[in-house]
Amino acid sequence: MKRIIIFIFAFLFLISCKEDYQPREINTINVKEYPIDSVSIRAIYAINEFEVMYAGSNGTIGYFSDVETSKLKPMVLDIKYQDSIRPNFRSIASNGKAVFALSIANPALLYRIFDGKATLQYTENHEKVFYDALQFFDDNLHGIAVGDPTENCASILLTSDGGNTWHKIPCSKLPVFDEGEAFFAASNTNIKTIGSSVWIASGGNKARILKSDNFGDTWQVIETPIVQGSGPQGIYSIDFVDNKNGIAIGGDYSKPLENKANKAITKDGGLTWTLVADNQTPNYKSCVQYVPNTNGKEVFAVGKTGISYSNNGGLTWVNVSKEAYYSIQFVDRNIAWLSGNNKLGKLILK
């Protein structure tokens, strides 16, 4: 009985500590920038606080470290397909053993990068092919990539063997898309995976969420109140802090200063969404990410209009920098890597 009482007390103490977390007040930030010549970088994989890999335009896949003691030296793979095509990469992900990068347009090319070498794993030829994002699930065996429709459904690739083989889901197993509904290759963050669940955010004529709880075997489609109806409108990025609580952000890329119906949160696993900070800061953003170990209270959003921060789960925001970035990925609650046009960035909140 004594052990049971001690266990209950410890459990209640942990819950109390979690509930008592006080988010930080952040009004300005400083980012250390690293120039990366002639490459637009929309996808990053943060290895740790010192190292990051990136995938960008002009066939560029790179590794960068900002410490001289790194085991690896800065590396850039100059990818050419059939000696003439330089793929435009906007997706990168890791299964813990290797890194994978996926190009956007025809032909779609998915490479496995290991030990400084790139091996082509999947190719798709179609005049409408356009892949937007790539992620692995927590088990590092299952992975998923999403692209615009080539038929009347999303283009979704799956792997269950750590990326060795990939297959495309037939439209008969996917929700039908509206004409003009697609995805945005803005930051590699319109996919979020937790456990065996995955959420994918769309835009254009519709701004909806595709959800699967079984590694992509079956799907449901969910409406959202995010701005929609034309090509540049919709959800550009989503993130979840757990299986219930998530956030979506976007707007209208062609009208980046507008902030109406471009931010929403969910508390039921993505089944329903509620607009937040409507007609308030921030305006259009291409990436949103929860800060780790802050109980879902601290959130950063980045885009060509600058960097914004929330310390109450996205209900209200402050603009903390005017610097333009496409993507942000946290290593821990104090450090994040960013990517932009011809640059990488490192955010330190200590």
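The values are calculated or read from the model by the stated rules, or taken from the named source; none is laboratory data. Note that the coordinates shown come from a computational prediction; the quantities given were computed from them, not determined experimentally. Using ideal geometry, Cβ is built from the backbone for each residue, glycine included, and neighbour counts are taken over all protein chains shown.
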* To do: Working only within the stretch 135-153, note down all residues that are touching a Gly at 6+ places or on another chain (Cβ under 7 Å) and free of Cβ contacts under 8 Å to residues at least 60 places away in the same chain.
  => PHE136, ASP138, ASN140, LEU141, GLY143
* To do: Report, by residue number, each residue of the stretch 317-350 that is more than 21 Å from GLY56 (Cβ to Cβ) and without any contact (Cβ under 8 Å) to a residue 40 or more places away in the chain.
  => ASN319, LYS322, ASN334, LYS350
* Asked: In the stretch 97-115, how many residues are touching a residue at least 40 places away in the same chain (Cβ under 8 Å) and closer than 15 Å to LYS80 by Cα?
  -> 7
* **Condition check for ARG24: outside any strand (DSSP E or B), modelled with pLDDT of 95 or more and out of contact with any Ser or Thr (no Cβ under 7 Å at 6 or more places or on another chain)** => yes
* Pair list, Cβ under 7 Å, 6 or more apart: the stretch 37-49 residue closer than 15 Å to LYS97 by Cα, other residue of a type outside the set (Gly, Ala, Ser) and assigned to a strand (DSSP E or B) -> TYR45/VAL52; TYR45/MET53; TYR45/ILE92; TYR45/VAL99; ALA46/VAL52; ALA46/GLN329; ALA46/TRP337; ILE47/MET53
* Filter the stretch 106-142 for residues that are surrounded by fewer than 24 Cβ atoms within 10 Å (Cβ to Cβ) and among the charged types (D, E, K, R) and give the result. => ARG112, ASP115, LYS117, GLU124, GLU127, LYS128, ASP138, ASP139
* Look through SER40, SER103 and report the one residue that is under 15 Å from ALA145 (Cα atoms), in contact with a Gly (Cβ under 9 Å, 6 or more places away or on another chain) and surrounded by 14 or more Cβ atoms within 10 Å (Cβ to Cβ). => SER103
* Would it be correct to say that SER187 is modelled with pLDDT of 95 or more and within 18 Å of the chain's Cα centre (by Cα)? -> yes
* Determine which single condition GLY162 fails, assuming it passes every other condition in (1) part of a strand (DSSP E or B); (2) in contact with a Leu (Cβ under 8 Å, 6 or more places away or on another chain); (3) not charged (D, E, K, R). => (1)
* How about the stretch 209-223: which of its residues are under 19 Å from GLN289 (Cα atoms) and of a type outside the set (A, V, I, L, M, F, W, C)? -> LYS211
* Only listed residue being of a type outside the set (A, V, I, L, M, F, W, C), under 19 Å from ALA133 (Cβ atoms) and part of a loop (DSSP other than H, G, I, E, B), chosen from GLY251, GLY234, GLY269, GLY216 -> GLY216
